């Protein structure tokens, strides 16, 4: 997001095509999804709108759970607020509680997760660059705390985390590339509507589930796009 805002601030002439997880209208990148205007358009992966889905997936895995934790980066306040509000609303609907924990750098991740397993029954990780850069560390800490953890991209279960659910970044960047090609052929970015993600991936790591002593429901496994064994 900071890079896109910097690019937009630097030029009103050079076309900019983005692929991001937040609402581009709310973020001030475009005037309207259908008619962006200006020199900016792209793909919204909608990952920040999936909070209720994440809570629901973990509740399906842990049907008697009463308390989940959400790890957010305080250096990304806009998306952090969105994640907090969405997960709290979903948890309230299910009669659950959400504990919000914070980290703004790699060193604070250890502190944030220390002892968390004694208070919460699962962990949702804010889709943010800091945590993307520390997926292996987060996966290891979650196992240490005996916490089933969920992130938005398949790199997390591939790094040893339990589960991921989010839009396909491969598809989002393919769509962004198509837009870049259309613009190079003469179309104006302001006239190309912002596209919303349509493909979402669920990935489950059964080896990690075993390490956590979990039996993943067959209904969840049947919906998975990939099961890592």
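Restricting to the range 109-127, give me the number of residues that are farther than 23 Å from residue 213 by Cα and not in a helix (DSSP H, G or I).
Summing the residues that are farther than 23 Å from residue 213 by Cα and not in a helix (DSSP H, G or I) in the range 109-127 gives 2.
Which one of the conditions (1) surrounded by 13 or more Cβ atoms within 10 Å (Cβ to Cβ); (2) in a loop (DSSP other than H, G, I, E, B) does residue 41 fail to meet, given that it meets all the rest?
For residue 41, the exception is condition (2).
Restricting to the range 119-129, give me the number of residues that are at pLDDT 95 or above and out of contact with any helix residue (DSSP H, G or I) (no Cβ under 7 Å at 6 or more places or on another chain).
3
If I ask for residues that are more than 15 Å from residue 68 (Cα to Cα), within 17 Å of the chain's Cα centre (by Cα) and either free of Cβ contacts under 8 Å to residues at least 40 places away in the same chain or not in a helix (DSSP H, G or I) (or both), which ones from the range 78-108 would you list?
Narrowing the range 78-108 to residues more than 15 Å from residue 68 (Cα to Cα): 78-82, 103-108.
Next, from what is left, pick out any that are within 17 Å of the chain's Cα centre (by Cα): 78-82, 103-104.
81, 103, 104, listed by residue number.
Residue 101: under 22 Å from residue 224 (Cβ atoms), touching a helix residue (DSSP H, G or I) at 6+ places or on another chain (Cβ under 9 Å) and surrounded by fewer than 21 Cβ atoms within 10 Å (Cβ to Cβ), yes or no? So that I can check it myself, show each step before the final result.
Numbers: under 22 Å from residue 224 (Cβ atoms): no; touching a helix residue (DSSP H, G or I) at 6+ places or on another chain (Cβ under 9 Å): yes; surrounded by fewer than 21 Cβ atoms within 10 Å (Cβ to Cβ): yes.
When the stated conditions are applied, residue 101 does not pass them.
Looking at this structure, is residue 13 under 30 Å from residue 96 (Cβ atoms), in the same structural domain as residue 195 (by TED's automatic domain parsing) and in a loop (DSSP other than H, G, I, E, B)?
Working: under 30 Å from residue 96 (Cβ atoms): no; in the same structural domain as residue 195 (by TED's automatic domain parsing): yes; in a loop (DSSP other than H, G, I, E, B): yes.
The answer is no for residue 13.
Scan the range 46-61 for residues that are crowded, with 19+ Cβ neighbours inside 10 Å, over 13 Å from residue 79 (Cα atoms) and in contact with a helix residue (DSSP H, G or I) (Cβ under 8 Å, 6 or more places away or on another chain) and report the count.
Of the residues in that region, 4 qualify.
Please count how many residues of the range 162-192 are within 20 Å of residue 202 (Cβ to Cβ), outside any loop (DSSP other than H, G, I, E, B) and at pLDDT 95 or above.
Summing the residues that are within 20 Å of residue 202 (Cβ to Cβ), outside any loop (DSSP other than H, G, I, E, B) and at pLDDT 95 or above in the range 162-192 gives 3.
Here are some conditions: (1) buried (at least 21 other Cβ atoms within 10 Å of the Cβ); (2) touching a residue at least 60 places away in the same chain (Cβ under 8 Å); (3) not in a strand (DSSP E or B). Residue 29 meets all but one. Which one does it not meet?
Just one mismatch for residue 29, condition (2).
Any idea which of 48, 130, 141, 58 is under 21 Å from residue 204 (Cβ atoms), within 16 Å of the chain's Cα centre (by Cα) and in a helix (DSSP H, G or I)? Before the answer, list the steps.
Numbers: 48 fails: under 21 Å from residue 204 (Cβ atoms); 130 fails: under 21 Å from residue 204 (Cβ atoms); 141 fails: within 16 Å of the chain's Cα centre (by Cα).
None of the other options fit; the residue is 58.
The values are calculated or read from the model by the stated rules, or taken from the named source; none is laboratory data. In this text, all values refer to a predicted model and were calculated from it rather than measured experimentally. Counting neighbours? That spans all protein chains shown, and the Cβs are built from the backbone with ideal geometry, glycine included.
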